[in-house]
Amino acid sequence: MNKKYEVQLQSKERETIENILHADSTSKGIRNRCLVLLLADESQGAIPTQAEIAQRIGVSEVTVY
């Protein structure tokens, strides 16, 4: 699949996402979305493909797309 969006998180945004990710009350679906965002963040250097992100998190490529 083609990349639909470019993800470039600022440090404050990464921190917020990581706080949500590690909160006890966060659902599995939201955690998966947080992981997708963190792995797709282009400001951290080379990013994995959508297939690699999906495999690492355990979701479908459509979820990553």
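The values are calculated or read from the model by the stated rules, or taken from the named source; none is laboratory data. No experiment lies behind these values; they were computed from the predicted model shown. Methodologically, a virtual Cβ is constructed for each residue, glycine included, from the backbone with ideal geometry; neighbour enumeration extends over all protein chains shown. With ligands, DNA and RNA removed, areas are computed over all heavy atoms of the protein, side chains included. Shrake-Rupley method; radii C 1.70, N 1.55, O 1.52, S 1.80 Å.
Filtered by the rule that a residue be within 13 Å of the chain's Cα centre (by Cα), farther than 17 Å from Glu52 by Cα and open to solvent by 100 Å² or more (accessible area, probe 1.4 Å), the range 1-14 gives a lone residue, Gln8. Within the range 24-59, if we keep just the residues that are at pLDDT 90 or above and assigned to a loop (DSSP other than H, G, I, E, B), the residue that is surrounded by the fewest Cβ atoms within 10 Å (Cβ to Cβ) turns out to be Asp24.
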